[in-house]
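Student: This is the structure I have questions about; it appears just below.
Derivation of every value follows stated rules applied to the coordinates shown; laboratory data play no part. Every value quoted in this text rests on a predicted model; they were computed, and no experiment measured them. All Cβ positions, glycine included, derive from the backbone under ideal geometry; neighbour counts span all protein chains shown.
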Amino acid sequence: MNIPDLKKARKRTNNKIETKYSLYCLNDFQKKIGLSKKYFVKTYGCQMNEHDSENIKAILEEMGYTQTADMEKANLIILNTCAIRENAHNKVFGLLGRIKHMKQTKDVVVGFGGCMAQEEVIVNEIMKKYKWIDFVFGTHNIYYIPNLIEKAKTKQEIEVYSVEGDVIENIPVKRDSKYKAWVNIMYGCDKFCTYCIVPYTRGKQRSRLPKNIIAEVNNLVMSGYKEVTLLGQNVNAYGKDLDINYTMSNLLEDIAKTGIERIRFVTSHPWDFNDNMIDTISKYKNIMPYIHLPLQSGSSKILKLMGRRYTKEQYIELFDKLKKKIPNVAITTDIIVGFPNETDEDFQDTLDVVNKCKFDGAFTFVFSPRIGTPACKMIDTIDLKKKEERLQILNNLVNQYSKENNDKYLNKVVSVLLEDYSSKNSSYLKGYTDTMKLVNVKADKKYLGQIVDVKITSVKTWSMDGEIIN
Ligand code: SAH
Ligand code: SF4
Ligand code: F3S
């Protein structure tokens, strides 16, 4: 048994990261455990968790399990959880109630993993109040799931590592889409923004070797994939932990040369966004003109308390440079309101940046204290009602600019990768523009997986409608 330890998770050692090719392997017994059984994986959180779930699903299928979309029919349920805010917790515990009920009537194995499993408080709670959960695994040991399933038959198994992980290269993947793929380029985060739990749940920054990333993208091209999204908590810092003088700009260039039709990347921290990277993005047509550039706050005072290492002015300067140098670029952001000590003036600064930048879109959050982070200990004098009012004001402004930006697309022709049926109407397909705008298109299913020219016929705040033109 290994239980998480936040103090250990905070440590950053200079131990060299190893790329390991052999940690994941199944024995003959494990390959049969799932035969004629069904699994259900529920994913919370960010793209990284989505992609981890693609690994989990592939591992389970190698064990013989088949997927079911109906949790009630599953013999194995795995929750891949997120710890970023309190409401993520609440959702998971809500579902656990339902699963407990299920477990009373049928034999079902339950696994609990992901970022919440990296939190000491959560695992302590599981050991005390959720003894019926069969196994718990962390973000560093997804490869170990087959062993946990095998061992959990007799007692609750908890295996969560707090030390920084290695890079493991041979984990299989079952991708959710046939046309676009997530590709991890790095794991973990070393930024330690004072509000954020991620550096504790995901460990220190570990970049994958360029050759392994490029090989993965080449394979995707050969399998007919049209789009890759390079994933990391802070992709602009890619390579800083490798001693090979190779940066995100080099990587983007090498990925562009694979010929994959569309390249995206998330998330960019403003701090590491350098001119080389901007030049590379504008140079290659297959690097999409879309950047997610979290602002977090428009107040330099709050940014300092957050440990973001840029000021309001520096953010705006970078934003303006991106807009100038990358033709037609769309920029979205993340904003937190109600950080401890955020005054009305600080909040006005945030609105001021939104008014200047007129973002294409923004994810907005009320600050949520995470146990173990420095901001959790800061004295907070603002009441929740005030924070919610600020969120409402901010959302109204963000929506206004989102609609204004979308309005510019009316009657224009844009290229869209049609990736799936529209969620509202199955005679429509949906896809995204190069600038990451969601478009619903009345089109035959033969167009699925194709990048087509679409004329925008109507525009809403969150999406657009369009028709294919020849
Ligand atoms: N690595 C990314 C962000 C990952 S988390 C980056 O640095 O930009 C996604 C978003 O969740 C963050 O950008 C932030 O806006 C929000 N977030 C993180 N911790 C939070 C907290 N404690 N309370 C509220 N929002 C938070
Ligand atoms: Fe969290 Fe900051 Fe790292 Fe993003 S850069 S994951 S907000 S610590
Ligand atoms: Fe959540 Fe972990 Fe992602 S905390 S946002 S799932 S890195």
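Student: Relative contact order of the chain: what whole-number percent is it, with Cα pairs under 8 angstrom and at least 6 residues apart?
Tutor: Normalised by residue count, the contact order of the chain is 11 percent.
Student: Taking amide H positions as placed 1.01 Å from N in the peptide plane, with prolines and chain starts having none, which residues 5 or more places from Q450, or on another chain, fall under 5 Å of its amide H?
Tutor: L418
Student: Report, in cubic angstrom per residue, the convex hull volume of the C-alpha atoms of the range 254-361.
Tutor: 94
Student: Could you let me know the centre-to-centre spacing of the range 208-247 and the range 347-421, using Cα atoms, in angstrom?
Tutor: So the separation of the two Cα centres works out to 29 Å.
Student: Which entries in K178/K445; K180/K324; K106/K153 show an alpha-carbon gap greater than 18 Å?
Tutor: Numbers: K178/K445 14 Å; K180/K324 28 Å; K106/K153 15 Å.
From K178/K445; K180/K324; K106/K153, over 18 Å: K180/K324.
Student: Another question about this same structure. Quick one: 3J(HN,Hα) in Hz for the range 15-23, Karplus 6.51/-1.76/1.60 with θ = phi - 60°, rounded, Gly and Pro as x.
Tutor: 3, 5, 6, 10, 8, 10, 10, 10, 5
Student: Could you give the dipole magnitude of the range 413-468 about its Cα centre, charging the beta-carbon of Lys and Arg +1 and that of Asp and Glu -1, in debye to the nearest 20? Could the numbers behind the result be given before it?
Tutor: Working: 8 positive and 7 negative charges, 34 e Å.
The calculation lands at about 160 debye.
Student: How big is the gap, in Å, between the Cα center of the range 105-122 and the Cα center of the range 46-94?
Tutor: 10
Student: If you restrict to DSSP beta bridges whose two residues both lie in the range 173-407, what percentage is antiparallel, to the nearest 5?
Tutor: Taking every DSSP beta bridge within the range 173-407, about 10 percent pair in antiparallel fashion.
Student: Could you sort out which of K257/K446; K437/K460; K57/K430; K285/K446 sit more than 18 Å apart by Cα distance in this structure?
Tutor: K257/K446; K57/K430; K285/K446
Student: Relative contact order of the range 1-141, please, whole-number percent, based on alpha carbon pairs below 8 angstrom and at least 6 residues apart.
Tutor: 24
Student: Given the pairs K37/K100; K151/K174; K38/K424; K42/K91, which span a C-alpha to C-alpha distance of over 22 angstrom in this model?
Tutor: Result: K151/K174; K38/K424 exceed 22 Å.
Student: Just the Cα atoms of the range 373-470, one point each, no solvent: what log10 I(q)/I(0) does Debye give at q = 0.10, 0.14, 0.20 Å⁻¹?
Tutor: Cα-only, vacuum Debye calculation for the range 373-470: -0.41, -0.60, -0.89.
Student: Can you give the FRET efficiency to the nearest 0.05 for N245 and Q104, using r as the Cβ-Cβ distance and R₀ = 41 Å?
Tutor: So the FRET efficiency works out to roughly 0.10.
Student: Still on this model: What is the log10 of I(q)/I(0) for the range 205-302, computed with the Debye formula using one identical point scatterer on each Cα and no solvent, at q = 0.18 Å⁻¹?
Tutor: -0.83
Student: Under 18 Å from the 7 Å Cα→Cβ point of S458, by amide nitrogen: which residues of the range 419-434?
Tutor: 422-431
Student: Then there's this: Of the DSSP beta bridges with both residues in the chain, give the percent that are antiparallel, rounding to the nearest 5.
Tutor: If I count the DSSP bridges inside the chain, around 35 percent turn out antiparallel.
Student: Given a cut-off of 29 Å, what percent of all Cα-Cα pairs of the range 173-407 lie beyond it?
Tutor: Counting pairs separated by more than 29 Å, the tail of P(r) holds 32 percent.
Student: Kindly provide the chymotrypsin sites (Phe, Trp or Tyr not before Pro) of the range 249-325 that DSSP labels as loop, not H, G, I, E or B, and whose Cβ sees at most 15 other Cβ atoms within 10 Å.
Tutor: For chymotrypsin sites (Phe, Trp or Tyr not before Pro) across the range 249-325 that sit outside H, G, I, E and B with at most 15 neighbouring Cβ atoms in 10 Å, the list reads Y284.
Student: Mind giving me the FRET efficiency for K442 and N218? R0 is 41 Å, r the Cβ-Cβ distance, nearest 0.05 is fine.
Tutor: That pair, K442 with N218, gives E of 0.70.
Student: Then there is this: Output needed: Cys residues of the chain lacking any neighbouring Cys C-beta below 4.7 Å, sorted by number.
Tutor: If one checks each Cβ against the other cysteines of the chain, C25, C46, C82, C115, C189, C357, C376 turn up with nothing under 4.7 Å.
Student: Once the dipole of the range 126-201 is set up with Lys and Arg at +1 and Asp and Glu at -1 on Cβ about the Cα centre, which of Y144, T154, I168 lies farthest towards its positive end?
Tutor: So the residue furthest toward the plus end is T154.
Student: Dipole of the chain, Cα-centred, from +1 at each Lys and Arg C-beta and -1 at each Asp and Glu C-beta, to the nearest 20 debye? Walk me through the numbers on the way to the answer.
Tutor: Working: 71 positive and 58 negative charges, 140 e Å.
Here the chain has a charge dipole of around 680 debye.
Student: Of the DSSP beta bridges with both residues in the range 325-470, give the percent that are antiparallel, rounding to the nearest 5.
Tutor: Looking only at bridges with both residues in the range 325-470, the antiparallel portion is about 70 percent.
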